[in-house]
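**Student:** This is the structure I have questions about; it appears just below.
The values are calculated or read from the model by the stated rules, or taken from the named source; none is laboratory data. Since this is a predicted model, take the numbers as computed values, not measurements. Counting neighbours? That spans all protein chains shown, and the Cβs are built from the backbone with ideal geometry, glycine included. Heads up: the accessible areas ignore ligands, DNA and RNA and are worked out on the full protein's heavy atoms, side chains in. Shrake-Rupley method; radii C 1.70, N 1.55, O 1.52, S 1.80 Å.
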Amino acid sequence: MPLVNTKEMFLDAYNNHYAVGAFNVDSIAMIQAVLQAAENCSSPVIISLSKGSREFMHPGNIKEQILTVSKDITIPFAIHLDHGKSIELCKDCIDEGFTSVMIDASKYDFEENIRITKEVVDYAHERNVSVEGELSILTGEEDYPRLIEEFVKRTNVDSLAISIGTGHGTTKFKKGEIPKLKFHILEELERRLPSYPFVLHGSSSILKKDIDIFNEYGGDIKDPIGIPEDLLRKASHGPICKINIGTDFRVAYVGALRKSLSLIKDKYEPRNFLVPAKQAAQELVEYKLKNVFNSAYKIK
Ligand code: 13P
């Protein structure tokens, strides 16, 4: 069965120097785009739902909805909760069949983050579900790798989102700033926690081609600047085993939707507008799997 948790996925990603893409979806069409792209590329993939997306898609039977549209899919995929902000939400998702959850207690102090994360880990592991935690830089950067090591050992969390310079949204760096990631932190983490899988959030590259379409057809994304692809390739080669993409995927989808709504004047069947949007989203995923995450053709 291709629906899996992320444990084996990340082990394979670490050993074979690639990262698994996690794409933020809002609808069945977007899920189909992600799964078909991954199938075409023989790549593992993660379907990522935020609290809001899950509510939009009807909590309680998300797993069944996804299984219905994944009957012909053979690559391994996980259903993941992105940024679960409470223990209750994580437990609900685990109970309804998600195979991976993120408990994001990063707004709390170190000890409270550990307590909350550990409670979710204990619950999830009894049910064969994997857990991602998050620890941001709390004090000085020098202390960060040591705190991460302690956090991972005390919580037994399966993967951890870390801050090395990425950020959510369409403007990730100030005007004139040279985009960079803190690879020295990753190197130290690899020494302290060999083969442990780390996660990068906020990793869209904010692709010019898609931003141009989005803006040409009535959108208004200002100051677009994302994470350069060569930095993501380098991170994927090392201990970054999961990379989150929300913005690039959504901009590709909505940009294509804007374009078809603007250009097609004489039709009103929604599929005439939704099919190009889904196609653009699928192409975006295939592009990332092949050219950035190095995960294509890893499933034999
Ligand atoms: P982007 O906004 O860079 O796509 O990041 C998405 C993300 O990290 C979701 O958790």
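**Student:** Select from region 152-177 the residues that are part of a loop (DSSP other than H, G, I, E, B) and open to solvent by less than 10 Å² (accessible area, probe 1.4 Å) and write down the one among them that is nearest to the ligand (Cβ to nearest atom).
**Tutor:** Ile164
**Student:** Among the β-branched types (Val, Ile, Thr), away from the ligand (no atom under 12 Å from the Cβ) and open to solvent by less than 20 Å² (accessible area, probe 1.4 Å), is that true of Val292?
**Tutor:** Considered against the rule, which asks whether it is among the β-branched types (Val, Ile, Thr), away from the ligand (no atom under 12 Å from the Cβ) and open to solvent by less than 20 Å² (accessible area, probe 1.4 Å), Val292 comes out as yes.
**Student:** So, one more: Does region 1-9 contain at least one residue that is in contact with a His (Cβ under 9 Å, 6 or more places away or on another chain), open to solvent by less than 10 Å² (accessible area, probe 1.4 Å) and within 22 Å of Leu232 (Cβ to Cβ)?
**Tutor:** yes
**Student:** Quick check: is even one residue across region 246-257 buried (at least 19 other Cβ atoms within 10 Å of the Cβ), within 14 Å of the ligand (Cβ to nearest atom) and of a type in the set (Asp, Glu)?
**Tutor:** For region 246-257, residues buried (at least 19 other Cβ atoms within 10 Å of the Cβ), within 14 Å of the ligand (Cβ to nearest atom) and of a type in the set (Asp, Glu): present.
**Student:** Quick one: in region 234-252, of everything that is in contact with an Asp or Glu (Cβ under 9 Å, 6 or more places away or on another chain) and outside any strand (DSSP E or B), which residue is nearest to Asp158 (Cα to Cα)?
**Tutor:** Checking each candidate, the answer is Pro239.
**Student:** For region 50-109, which fully contained helices (runs of 4 or more DSSP H) count at least 3 residues that are of a type outside the set (Lys, Arg) and touching a Leu at 6+ places or on another chain (Cβ under 9 Å)?
**Tutor:** 62-69, 87-95
**Student:** Would you confirm whether any residue within region 277-289 is more than 16 Å from the ligand (Cβ to nearest atom), of a type in the set (A, V, I, L, M, F, W, C), in a helix (DSSP H, G or I) and over 19 Å from Gln36 (Cα atoms)?
**Tutor:** Of all residues in region 277-289, those more than 16 Å from the ligand (Cβ to nearest atom) come to 277-279, 282-283, 286.
Right, trim to of a type in the set (A, V, I, L, M, F, W, C) and you get 277.
Now drop any that are not in a helix (DSSP H, G or I), which leaves 277.
Pick out the ones that are also over 19 Å from Gln36 (Cα atoms) and you get none.
Among the residues of region 277-289, not one is more than 16 Å from the ligand (Cβ to nearest atom), of a type in the set (A, V, I, L, M, F, W, C), in a helix (DSSP H, G or I) and over 19 Å from Gln36 (Cα atoms), which makes the answer no.
**Student:** For region 184-233, which positions are assigned to a loop (DSSP other than H, G, I, E, B), more than 13 Å from the ligand (Cβ to nearest atom) and over 17 Å from the mean Cα position of the chain (by Cα)? Full working, then the answer.
**Tutor:** Here is the first cut: in region 184-233, the residues assigned to a loop (DSSP other than H, G, I, E, B) are 193-197, 201-207, 217-224, 226-228.
Next cut, more than 13 Å from the ligand (Cβ to nearest atom) only: 193-197, 217-220, 222-223.
Of everything in region 184-233, those that are assigned to a loop (DSSP other than H, G, I, E, B), more than 13 Å from the ligand (Cβ to nearest atom) and over 17 Å from the mean Cα position of the chain (by Cα) turn out to be Leu193, Pro194, Ser195, Tyr196, Tyr217, Gly218, Gly219, Asp220, Lys222, Asp223.
Yes or no, residue by residue, for (1) under 20 Å from Gln279 (Cα atoms); (2) under 14 Å from the mean Cα position of the chain (by Cα); (3) acidic (Asp, Glu):
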| site | (1), (2), (3) |
| --- | --- |
| Phe10 | no, yes, no |
| Ala13 | no, no, no |
| Asn16 | no, no, no |
| Asp26 | yes, yes, yes |
| Ser42 | yes, no, no |
| Gly52 | no, no, no |
| Glu88 | no, no, yes |
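**Student:** Shifting gears a bit: Does any residue of region 20-36 turn out to be more than 16 Å from the ligand (Cβ to nearest atom), buried (at least 24 other Cβ atoms within 10 Å of the Cβ), outside any helix (DSSP H, G or I) and aromatic (Phe, Trp, Tyr)?
**Tutor:** no
**Student:** What number of residues within region 56-83 are closer than 18 Å to Ala13 by Cα and within 16 Å of the ligand (Cβ to nearest atom)?
**Tutor:** Matching residues across region 56-83 total 3.
**Student:** Return the total of residues in region 38-55 being within 30 Å of Glu190 (Cβ to Cβ) and more than 16 Å from the ligand (Cβ to nearest atom).
**Tutor:** 5
**Student:** Just the residues that are touching a Ser or Thr at 6+ places or on another chain (Cβ under 8 Å) and surrounded by fewer than 24 Cβ atoms within 10 Å (Cβ to Cβ), please, taken from region 216-234.
**Tutor:** Tyr217, Gly218, Ile221, Lys222, Asp223, Pro224, Ile225, Pro228, Glu229
**Student:** Consider Gln282 against the criteria (1) open to solvent by 40 Å² or more (accessible area, probe 1.4 Å); (2) farther than 30 Å from Gly176 by Cβ: it satisfies all of them except one. Which criterion is unmet?
**Tutor:** Among (1) open to solvent by 40 Å² or more (accessible area, probe 1.4 Å); (2) farther than 30 Å from Gly176 by Cβ, Gln282 violates only (1).
**Student:** Please go through region 43-92 and pick out each residue that is aliphatic (A, V, I, L, M), closer than 15 Å to Val25 by Cα and open to solvent by less than 10 Å² (accessible area, probe 1.4 Å).
**Tutor:** Val45, Ile46, Ile47, Leu49, Ile62, Ile66, Ala78, Ile79, Leu81
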